[in-house]
Amino acid sequence: MESRSYVIKGVIIFTGVLILLRVAFMQLLDQSYRIKAETATIEKQVIYPSRGLIYDRNGKLIVFNKPIYDLFATANLLDPAMDTMKMCHVLGITRETFEKNLDKDFNDFRFSRRIPFLFLDKIDAVTYARLQEILHEFPGFTTKVRTVRGYQYPYAAHVLGYISEVDQDVIESSQGVYEKRDYYGVSGIEASYEDALRGKKGLEYQLKDNFGRNVGSYENGERDANALSGNDIIVSLDIDLQGYAEELMKGKIGGIVAIEPESGEILSMVSSPAYNPEVLSVNADRARTFNRLQTDSLKPFFNRATMAKYPPGSIFKPVLSLIALQEGVLTTDRYITCKGAYYYKTFRWGCHARPGVRNVVGAIEESCNTFFYTVYQDLVNVEGFENPEVGLNKIVAHLNDFGLGEKLRIDLPQEQQGLIPDSDFYDDFYEGKGDWRSTYIISNGIGQGEIELTTLQMANLAATIGNRGYYYRPHLIKQFRDSTSQIARPYLTPKRVRIEDQHFDPVIDGMARSVSQGTSTMANIPGIAVCGKTGTSENSHGKDHSVFYAFAPRERPKIAIAVFIENGGWGGSYAAPIASLIMEKYLKGEIDPRRLWIEDRMMEANLLADL
């Protein structure tokens, strides 16, 4: 009997120890039980901040916030006899969807019958209004509001960008900033200034009873935190000018960039084809719309202003002139004879200018290829025909000063750097084919060959020439509404090129004469001194591209612009008149009645019909 008593006591002690160990494990080590216990009594509600608003340079609201609603359900408060079909009709969903959205695995610690779970998200305002009329008939359902983006104008999609719901990679790399179902800026200004725009989430803790009903705040709200709205920003865009430029680009493929030379602020940036930014506002149809745009053969998501790389054509001639003047290869008194082409041994490179004798001013005015083939050869061969590397690399160093061949580091993601090939490039390019010489790369002298620029770089080049030798890094931020936030210093610091001041005068003279009486007359604006240069970018796959850049007025220019129209033909056909209309609109506010026929022709032109 005594031994049996010991056994019974041992079993009791052993069982008690097991129970204590299990309780200790549940309390101290197993997080799922702690989470279930806490969620059964305390509900943490995230208070989403308002995202910062976006205004244009004139104070016009461009991007605002609009409400979107989420519907939550608490399982143990639902009425089994509820009119399911009535709810489905209001929400626009099927009965199968209704039942699927309620079907949760409550054995999973992430769900509890007492804690609300997401039933349906992204409910629009109209549906929400109808839902509010019947919600009292459906105990256990509650709504929460979040804000998404709304757009005052159907323009500037590539500049503004869009927001989207975070994925797991973003959550994991954010170091606790983002949680599931948060939104963040994916592209454009929304991405570049995400830190300023997103604001800071708030928190509110609510006590729950055993049925999941709110009974008051937790610890008298001492752990609650208010949400902080995002910083409003003012961008440099003139939204009216932006809209006008986008209307001119309808039916065309290409890009436009207009810059205020004295600040580097971008007045307009257009990529065509474009889309209305409103179509990517968060809603139930967004995924379908996104897929349609993404698979469009015209690539409306592709920002041709900053990402497309093009041969600049003859707009390269003014900067080549500046380099040649600086290096002493060219003077204003040097005249070069053109016989309708440039000849080397048995090779012939044609020229569209009439035969004649020209200095640098006349060569820019009439866009004489022979003149610039000669000048480019002389620059490359400065150390002799057998040693082109030294001369080419000097040219490249000057071009890099102008921001060509490298990123300008605009405050937009995915900018491309273009291509300014140096001697290393051609060493690789002609590897195994023998040594290369200046005659191999002579097409670079007229902006063809391997040279590639972005439209942004073209506009910045025009601004640099207009400023007579310096530029500010192009940017879209103009001001933060919160005065404690400052624009990045590199955008406020001028960069000067290594060209002496006196060399700009003849080049600008040539550009002015190009507009007044040369190849760029379609850019002439009555009463405004426009300095510009047309280009025709050769295209081996079809019709040539139309290119033009300019600044105006000549002294202390207020606008510099580049226009690139794919398959637009001569620079004077489309790029020059479109640029002139945008400059006139900005500088005068309206188009001279005598030039309205140009506006009508540009608006009506549809180059997509020829593709």
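The values are calculated or read from the model by the stated rules, or taken from the named source; none is laboratory data. Nothing here was measured: the structure is a model prediction, and the numbers come from that model. Cβ atoms come from the backbone with ideal geometry, glycine included; neighbour counts cover every protein chain shown.
Taking segment 185-204 as the range and being in a strand (DSSP E or B) and either among the acidic types (Asp, Glu) or under 19 Å from LYS144 (Cα atoms) (or both) as the test, the residues that pass are LYS200, GLY202, LEU203, GLU204. Does ARG51 fit the bill of being over 36 Å from the mean Cα position of the chain (by Cα), in a loop (DSSP other than H, G, I, E, B) and among the basic types (Lys, Arg)? So ARG51 does not fit the description; no. Residues in segment 155-181 that are charged (D, E, K, R) and touching a residue at least 60 places away in the same chain (Cβ under 8 Å) were compared, and the one that is surrounded by the fewest Cβ atoms within 10 Å (Cβ to Cβ) is GLU179. Within segment 186-206, the set of residues being in contact (Cβ under 8 Å) with a residue 40 or more places away in the chain, within 17 Å of ILE171 (Cα to Cα) and surrounded by fewer than 16 Cβ atoms within 10 Å (Cβ to Cβ) comprises LYS200 only.
Here ASN524 clears all of (1) among the polar types (S, T, N, Q); (2) over 26 Å from GLY449 (Cα atoms); (3) touching a residue at least 60 places away in the same chain (Cβ under 8 Å) except the condition numbered (3). Selection within segment 49-93: residues that are buried (at least 19 other Cβ atoms within 10 Å of the Cβ) and of a type in the set (Phe, Trp, Tyr). The member of this set that is modelled with the lowest pLDDT is TYR69. Each residue in segment 541-588 was checked for being more than 26 Å from TYR472 (Cβ to Cβ) and touching a strand residue (DSSP E or B) at 6+ places or on another chain (Cβ under 7 Å), and 13 of them qualify.
The residues of segment 249-279 that are part of a helix (DSSP H, G or I) and either in the same structural domain as ARG51 (by TED's automatic domain parsing) or buried (at least 24 other Cβ atoms within 10 Å of the Cβ) (or both) amount to a single one, PRO277.
Need a quick list: strands (runs of 3 or more DSSP E) entirely within segment 523-611 having at least 3 residues that are in the same structural domain as ARG304 (by TED's automatic domain parsing) and in contact with a Lys or Arg (Cβ under 8 Å, 6 or more places away or on another chain). So that I can check it myself, show each step before the final result.
On the way: elements: 531-537, 545-552, 559-565.
Result: 545-552.
Taking the criterion of being touching a strand residue (DSSP E or B) at 6+ places or on another chain (Cβ under 7 Å), assigned to a loop (DSSP other than H, G, I, E, B) and within 18 Å of LYS201 (Cβ to Cβ), the residues of segment 154-180 that qualify are VAL166, TYR178. For segment 562-575, does any single residue satisfy the condition of being modelled with pLDDT of 95 or more, out of contact with any Cys (no Cβ under 8 Å at 6 or more places or on another chain), surrounded by 21 or more Cβ atoms within 10 Å (Cβ to Cβ) and closer than 19 Å to GLY469 by Cβ? Looking for residues that are modelled with pLDDT of 95 or more, out of contact with any Cys (no Cβ under 8 Å at 6 or more places or on another chain), surrounded by 21 or more Cβ atoms within 10 Å (Cβ to Cβ) and closer than 19 Å to GLY469 by Cβ, one finds at least one in segment 562-575, hence yes. Scanning segment 302-328 for residues that are outside any helix (DSSP H, G or I), touching a helix residue (DSSP H, G or I) at 6+ places or on another chain (Cβ under 8 Å) and either hydroxyl-bearing (Ser, Thr, Tyr) or under 20 Å from MET511 (Cα atoms) (or both) turns up THR306, TYR310, PRO312. Within segment 480-498, not a single residue is at pLDDT 95 or above, under 27 Å from CYS351 (Cβ atoms), of a type outside the set (D, E, K, R) and out of contact with any strand residue (DSSP E or B) (no Cβ under 6 Å at 6 or more places or on another chain).
Within the span defined as segment 469-478, every residue fails to be assigned to a helix (DSSP H, G or I), modelled with pLDDT of 95 or more and either crowded, with 21+ Cβ neighbours inside 10 Å or in the same structural domain as GLU555 (by TED's automatic domain parsing) (or both).
The requirement of being within 20 Å of VAL547 (Cβ to Cβ), out of contact with any strand residue (DSSP E or B) (no Cβ under 7 Å at 6 or more places or on another chain), among the hydroxyl-bearing types (Ser, Thr, Tyr) and not in a helix (DSSP H, G or I) is fulfilled nowhere in segment 424-441; no residue meets it.
Checked against (1) modelled with pLDDT of 90 or more; (2) in contact with a Ser or Thr (Cβ under 8 Å, 6 or more places away or on another chain); (3) β-branched (Val, Ile, Thr), THR147 passes all but condition (1).
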